[in-house]
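Engineer: Please find one structure pasted underneath; my questions will follow.
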Amino acid sequence: NAGVMQNPRHLVRRRGQEARLRCSPMKGHSHVYWYRQLPEEGLKFMVYLQKENIIDESGMPKERFSAEFPKEGPSILRIQQVVRGDSAAYFCASSSVAGEVANTGELFFGEGSRLTVL
Amino acid sequence: RKEVEQDPGPFNVPEGATVAFNCTYSNSASQSFFWYRQDCRKEPKLLMSVYSSGNEDGRFTAQLNRASQYISLLIRDSKLSDSATYLCVVNFGNAGNMLTFGGGTRLMVKP
């Protein structure tokens with residue numbers, strides 16, 4: 001399967017713990033986007049990364065959230081000291097060329113990681 | 001005001017009906033427009049682009065009104081399989097070219 005792979009699909013954490021969500025983009029894609037979807041709401045942009053660079057993190061909460069996309073390996077979205085309000089589906093999407101997204105609108109999404117904070 | 005606004009619905013329609021969704025966006029300099037479909041507890045998938053002249057793909061017709069800053073999606077001859085949430089998506093031309101999603105309109109097609 002050459003699609004966007006996210007894991008874990010489901011993650012349960014207690015308040016105060018850390019959550020790490022991983023995303024492997026489609027083969028050949030070097031642009032990764034993270035979106036968050038709260039229950040019954042739309043997708044909210046969080047961060048856009050290229051290999052080893054954060055290009056736009058305007059949607060990331062200022063505290064507790066961080067993201068990386070190392071030269072080797074998957075992109076990681078890290079949430080420290082989780083709170084109940086962090087419970088959501090976190091979707092990762094990838095594209096091969098950033099400009100192409102604006103023209104084609106085609107972001108390839110993974111199946112999402114569903115975080116539940118108890 | 002949200003950047004991309006949609007009526008959340010749900011729209012409950014019988015099979016065979018024609019249904020239309022609208023979406024408004026806040027920035028008149030917006031670059032490009034799309035409709036995505038998201039099935040329950042699944043990832044969103046691109047349904048179609050929206051062009052200024054309007055465009056059609058089978059039973060689906062998308063239209064853009066730049067002057068009024070709204071986008072529409074028309075579905076003719078609704079099928080049970082059309083039941084999903086339809087997301088209006090706008091590219092505002094920002095540096096990252098990321099897509100901004102509306103909250104979605106839920107459609108339920110009943111037999």
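Engineer: Within segment B:58-92, how many residues turn out to be over 24 Å from B:ASN12 (Cβ atoms) and either part of a loop (DSSP other than H, G, I, E, B) or without any contact (Cβ under 8 Å) to a residue 12 or more places away in the chain (or both)?
Structural biologist: 6
Engineer: Restricted to segment B:18-61, and to residues that are more than 11 Å from chain A (Cβ to nearest Cβ) and aliphatic (A, V, I, L, M), which residue is surrounded by the fewest Cβ atoms within 10 Å (Cβ to Cβ)?
Structural biologist: Here the residue is B:ALA29.
Engineer: Also: Please work out which residue is surrounded by the most Cβ atoms within 10 Å (Cβ to Cβ), limiting yourself to segment B:71-94 and to residues that are hydroxyl-bearing (Ser, Thr, Tyr) and more than 17 Å from B:PRO8 (Cβ to Cβ).
Structural biologist: It comes out as B:SER78.
Engineer: For the structure I just gave you, tell me whether A:GLU63 is surrounded by fewer than 18 Cβ atoms within 10 Å (Cβ to Cβ), over 15 Å from the mean Cα position of the chain (by Cα), within 14 Å of chain B (Cβ to nearest Cβ) and without any contact (Cβ under 8 Å) to a residue 40 or more places away in the chain.
Structural biologist: no
Engineer: Could you say which residue among A:GLY59, A:GLY28, A:GLY3 is under 30 Å from B:SER52 (Cα atoms) and in a loop (DSSP other than H, G, I, E, B)?
Structural biologist: Of the residues listed, the single one that is under 30 Å from B:SER52 (Cα atoms) and in a loop (DSSP other than H, G, I, E, B) is A:GLY59.
Engineer: While we're here: Does segment A:107-118 contain at least one residue that is surrounded by fewer than 17 Cβ atoms within 10 Å (Cβ to Cβ), among the polar types (S, T, N, Q), more than 11 Å from chain B (Cβ to nearest Cβ) and within 11 Å of the chain's Cα centre (by Cα)?
Structural biologist: no
Quick note: the coordinates plus some simple rules give every number you see, no bench work behind them. This is a predicted model, so every value here is computed, not measured. Note: ideal-geometry Cβ built from the backbone for every residue, glycine included; neighbour counts use all protein chains shown.
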